[in-house]
1. So, in the range 191-202, of the ones that are more than 18 Å from residue 167 (Cβ to Cβ) and not in a loop (DSSP other than H, G, I, E, B), which residue ends up modelled with the lowest pLDDT?
2. Within the range 308-323, is there a residue that is within 23 Å of the chain's Cα centre (by Cα), in contact (Cβ under 8 Å) with a residue 40 or more places away in the chain, surrounded by 15 or more Cβ atoms within 10 Å (Cβ to Cβ) and within 18 Å of residue 370 (Cα to Cα)?
3. Say we look at the range 6-22 and pick out the residues that are surrounded by fewer than 16 Cβ atoms within 10 Å (Cβ to Cβ) and at pLDDT below 80; which of these is nearest to residue 69 (Cα to Cα)?
4. Identify, by number, the condition in (1) surrounded by 16 or more Cβ atoms within 10 Å (Cβ to Cβ); (2) part of a helix (DSSP H, G or I); (3) in contact (Cβ under 8 Å) with a residue 24 or more places away in the chain that residue 179 doesn't meet.
5. Go through the range 275-303 residue by residue and tally those that are in contact (Cβ under 8 Å) with a residue 24 or more places away in the chain, farther than 19 Å from residue 98 by Cβ and not in a helix (DSSP H, G or I).
6. State yes or no: is residue 44 at pLDDT below 80, buried (at least 16 other Cβ atoms within 10 Å of the Cβ) and at negative phi?
7. Conditions first: (1) touching a helix residue (DSSP H, G or I) at 6+ places or on another chain (Cβ under 6 Å); (2) within 28 Å of residue 89 (Cβ to Cβ); (3) surrounded by 15 or more Cβ atoms within 10 Å (Cβ to Cβ). Residue 143 passes all but one, so which condition is the exception?
């Protein structure tokens, strides 16, 4: 008996094994006494078939010989060759995912999930569900959340479960479901086994929680969680854990307007990730770094463009999602605007809007605000006003959180510049009503109110 078959025998459910033996006996036209022969009494064979007793290896080998089937069939429900074929099928699915072909990976995983032999080895379905969830995630399909939940329902409490919880929390945060994002991350951290408390996966989950807390307006708690994660990351030899901590700390500093520390942390994270194979993460981090460069005073446009060119290749090579690609296109359009390439910025902004469709997301509001800036700089006040009004409509539909608050403030400043006084005042007031508003937004709201 091979080690793989011995492991499967230890894991197979007694009732399943018994039912399989009974079905094979019936198909072979044998009675229980004929099946047991000199090895087992009728009563013992009966109890095995009812799942009340588990046959040993020698007895199973005798059963297989008398039934005219392989031992593989009795234990696995199919031949060892079939099981190896299914395992190879999943290997191809995982390779497709790593190679950036998420659509093929999803197709292969779903074929494995309906394969009659998927229960032959317990890890088969778990592997297939992981590939399915990760592929849906890479494709930007909202069904990824439910797929990760299905994976977590089967996965043991280990590194893979932490990775799934991290992905779920991130997706929910990007969709604006901040309460769920925080809840998923906290639940996984609360259930963390002691041996994983300071692992790379735990650090990544912690900084994902910090990002959700920050966007929810819980700035102090987000900073505390991020600081603890950085301390844990520094104890590890893993560059990925340290890069994750620095990356999210950079996001927090950037949103707080602390450009210098944000830029330094992002560069430290980039330096660590460049020595790894996390191509998608590298592309996404370069987007963050480019944002910070464009927020600098004065904007570092050429440096940002150089990073964006590399990021585009990295996102193409990896399993980057449509959201990642739309975000990249927006930052490229923003760099074009700051460089004075208004036609290029307008065309890129419109293409992003076309790709987003009717999706109501903060990114759509950001692109519309950028389009308004481009039209204003081009001297078309009417088109600028129209773009700003569309951005306001998207933000109104999104609701109130810290990310929306910052966008409301930016829209207020842009509307104020465009002479849209009433709209600017309303935007500042909405910013003040949103979570985690900064003092400068309140001051701006008072200033506009005084003018009018």
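1. At the first step, the residues of the range 191-202 found to be more than 18 Å from residue 167 (Cβ to Cβ) are 193-195, 197-198.
In the following step, the residues that additionally are not in a loop (DSSP other than H, G, I, E, B) were identified as 194-195.
Numbers: 194: 80, 195: 76.
Per the stated criteria, the residue is 195.
2. So in the range 308-323, the residues within 23 Å of the chain's Cα centre (by Cα) come out as 308, 310-323.
From what is left, the residues that are in contact (Cβ under 8 Å) with a residue 40 or more places away in the chain are 316-323.
Among the residues that remain, those that are also surrounded by 15 or more Cβ atoms within 10 Å (Cβ to Cβ) are: 318-321, 323.
In the following step, the residues that additionally are within 18 Å of residue 370 (Cα to Cα) were identified as 323.
Looking through the range 308-323, at least one residue is within 23 Å of the chain's Cα centre (by Cα), in contact (Cβ under 8 Å) with a residue 40 or more places away in the chain, surrounded by 15 or more Cβ atoms within 10 Å (Cβ to Cβ) and within 18 Å of residue 370 (Cα to Cα).
3. Step one: list which residues in the range 6-22 are surrounded by fewer than 16 Cβ atoms within 10 Å (Cβ to Cβ), which gives 6-7, 10-11, 13-16, 19.
Next, from what is left, pick out any that are at pLDDT below 80: 6-7, 10-11.
Numbers: 6: 17, 7: 20, 10: 20, 11: 20 Å.
Filtering first and then ranking leaves 6.
4. (1) is the only condition that residue 179 fails.
5. 3
6. Numbers: at pLDDT below 80: no; buried (at least 16 other Cβ atoms within 10 Å of the Cβ): yes; at negative phi: yes.
In short, no.
7. Against the list (1) touching a helix residue (DSSP H, G or I) at 6+ places or on another chain (Cβ under 6 Å); (2) within 28 Å of residue 89 (Cβ to Cβ); (3) surrounded by 15 or more Cβ atoms within 10 Å (Cβ to Cβ), residue 143 comes up short only on (3).
Residues are listed down the side, and each one gets a yes or a no for (1) more than 21 Å from residue 257 (Cβ to Cβ); (2) in contact with a strand residue (DSSP E or B) (Cβ under 7 Å, 6 or more places away or on another chain); (3) modelled with pLDDT of 80 or more:
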position	(1), (2), (3)
360	yes, no, no
371	yes, no, yes
384	yes, no, yes
405	no, no, no
409	no, no, no
430	no, no, no
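The values are calculated or read from the model by the stated rules, or taken from the named source; none is laboratory data. Small disclaimer: the values here were computed from a predicted structure and weren't measured. Backbone-built Cβ (ideal geometry, glycine too); neighbour counts: all protein chains shown.
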